[in-house]
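Inspection log for the structure reproduced underneath, given as structure tokens.
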Amino acid sequence: KKVLLSVNQLKQYFPIKGGIFGRTVNHVKAVDDISFDIYQGETLSIVGESGCGKSTTGRAILRLDEPTSGTIQFQEKDLLSLSKKEMRKVRKDLQVIFQDPFASLNPRQTVEQILNEALAIQNVVPKENRKHRIEELLGHVGLRPESMERYPHEFSGGQRQRIGIARALAVEPKLIICDEAVSALDVSIQAQVLNLLKSLQRQFNLTFLFISHDLGVVRHISDRVMVMYLGKVVEIADKKSIFEQPQHPYTRALLSAIPVPNPVQKRERIILTGDVPSPIDPPSGCRFHTRCPFAIDICKSQAPELKISAQNHQVACHIVS
Ligand code: SF4
Ligand code: MG
């Protein structure tokens, strides 16, 4: 398997200013030293509760926020050391689809103008061929060519997300980061959009980083799953292992909260108590120890390393060997 993008020791601390001089008094440790690879052609999902750092990780890769430290290797380059200008070029290969396409589609532009703009920014298609290319893009996402003349508000949520997908596809990217891309849609529409993403992935050899809090969606789309808790990666494995043999107590708790596809199958119940602690001052040792029903002494003082527990399976927990 070929690595497409490699994140190493990524930290994203957001300063909190305070006092009369507006000095930095503290930091939100949104992402705190995480490393992982994304393989060419796969869908890697990041799951976890809100505030775990999954969106922050996606934004860091795109450099929508400047990370505090770490490296992000993509095609022999460290994205974090590129100039703004160089990064703009690379952005052709790295596209994003957000939860609410409405917020990212200009309401005063027609679909043609929206897609034309995407094509013009990266100059991927000569001007005279753009109209044809736009028709083709609309076809790829299952919209009729007449859609071109219409405005975003004239479409349903699912259709708007298709426009967002067409815009991401326009520049022939290698990696698409989907941040809660189907979370705002009805369940039946979700399945259609997920199936569309899968078929586009095969057709155009795309790689997806799929950020979602919804394990049903993640089960549908992923090849591998990475679970985050309070800015840390706690488990990463292929989808089957995560869903059938989850190792980390937090993953097990997340899974025990969703309905089982096969009700005959017994499922453990781990009910999490308490809220996610503050990422400003996260718990010592294992960050999950304040909520973990299996915590032992060492968990309070020593942070568990992410280590290999089985083939293609990594877990950060003192009680998993
Ligand atoms: Fe629970 Fe300890 Fe494992 Fe953390 S390291 S998940 S506290 S058992
Ligand atoms: Mg988010």
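Nothing in this text is a laboratory measurement; each read-out follows from the coordinates by a stated rule. The shown structure was predicted, so the numbers you read here are calculated from the model rather than taken from an experiment. Cβ coordinates were reconstructed from backbone atoms using ideal geometry, including for glycine residues, and neighbour counts include every protein chain displayed.
Per residue of the stretch 187-198, in order, report the coupling 6.51 cos²θ - 1.76 cosθ + 1.60 (Karplus, θ = phi - 60°) as ³J(HN,Hα) in whole Hz, putting x for Gly and Pro.
Result, rounded to whole Hz: 4, 5, 6, 3, 4, 4, 5, 5, 5, 4, 4, 4.
Tell me the net charge near His318. Cut-off is 12 Å between Cβ atoms, His318 excluded, with +1 for each Lys or Arg and -1 for each Asp or Glu. Walk me through the numbers before you get to the answer.
Numbers: positive: Lys300, Lys307; negative: Asp297, Glu305.
Spelling it out: positives minus negatives among the neighbours equals 0.
From the mean inverse distance of alpha carbon pairs (Kirkwood) and the Cα radius of gyration, derive Rg over Rh for the stretch 170-235.
On the way: Rg = 12.5 Å, Rh = 12.8 Å.
On the Cα set of the stretch 170-235, Rg over Rh gives 0.98.
Over all distinct alpha-carbon pairs, what is the Kirkwood Rh of the stretch 77-162 in angstrom? Can you show the working numbers first?
Values: mean 1/r = 0.0703 Å⁻¹.
Over the stretch 77-162, the inverse of the mean reciprocal pair distance is 14.2 Å.
Could you work out how much longer the chain between Ile258 and Ala191 gets when fully extended? Use 0.36 nm per residue separation minus the Cα distance between them, nm to one decimal.
Values: separation 67, 0.36 × 67 = 24.12 nm, distance 1.76 nm.
Result for the pair: 22.4 nm of gain on full extension.
Taking H as built 1.01 Å from N, whose amide H comes closer than 5 Å to the amide H of Leu5, not counting residues under 5 places away?
Sorted by chain and number, the residues that satisfy this are Ile38.
Find the all-direction average of the projected area of the Cα convex hull for the stretch 12-80, expressing the result in square nanometres with one decimal place.
Details: hull surface 22.9 nm².
Dividing the Cα hull surface by four gives the mean projection, 5.7 nm².
Return the subset of Lys11/Lys174; Lys54/Lys307; Lys84/Lys198; Lys240/Lys300 for which the Cα-Cα distance in this structure is over 28 Å, preserving the input order.
Details: Lys11/Lys174 24 Å; Lys54/Lys307 20 Å; Lys84/Lys198 32 Å; Lys240/Lys300 31 Å.
Over 28 Å apart, Cα to Cα: Lys84/Lys198; Lys240/Lys300.
Do the sum for the chain: with -39,500 (n - 2.57) for every DSSP H run of n ≥ 4, divided by all residues, what is the mean residue ellipticity at 222 nm, to the nearest 500 deg cm²/dmol? Mind showing how you got there, number by number?
Working: 11 runs with 101 residues, N = 321.
For the chain, the value works out to -9000 deg cm²/dmol.
Quick one: P(r) of the stretch 49-124 from all Cα-Cα pairs, 10 Å bins, percents rounded to integers, in order of increasing distance.
15, 41, 32, 12
Principal axes first, then extents: for the Cα atoms of the chain, list largest minus smallest coordinate on each axis, whole Å, largest first.
For the chain, the Cα spread along each principal axis is 68, 60, 40 Å.
Can you give the relative contact order of the stretch 112-195 as a percent, counting alpha carbon pairs under 8 Å and 6+ residues apart?
Details: 60 pairs, mean separation 25.4, N = 84.
Rounded, it is 30 percent for the stretch 112-195.
So for the stretch 173-321, what percent of the C-alpha to C-alpha distances run longer than 28 Å? Write down the numbers at each step before the final one.
Details: 2843 of 11026 pairs.
The calculated P(r) of the stretch 173-321 puts 26 percent of pairs beyond 28 Å.
Sort Met148, Met228, Met87 so the one with the fewest other Cβ atoms within 10 Å of its own Cβ comes first. Write down the numbers at each step before the final one.
Details: Met148 19, Met228 25, Met87 16.
Ordered by Cβ neighbours within 10 Å, fewest first: Met87, Met148, Met228.
By how many nm would the segment from Glu305 to Ala103 grow when fully extended, if each residue of separation counts as 0.36 nm and the alpha-carbon distance is taken off? Don't skip to the end; give the middle numbers.
Values: separation 202, 0.36 × 202 = 72.72 nm, distance 3.89 nm.
Separation in residues times 0.36 nm, less the Cα-Cα distance, equals 68.8 nm.
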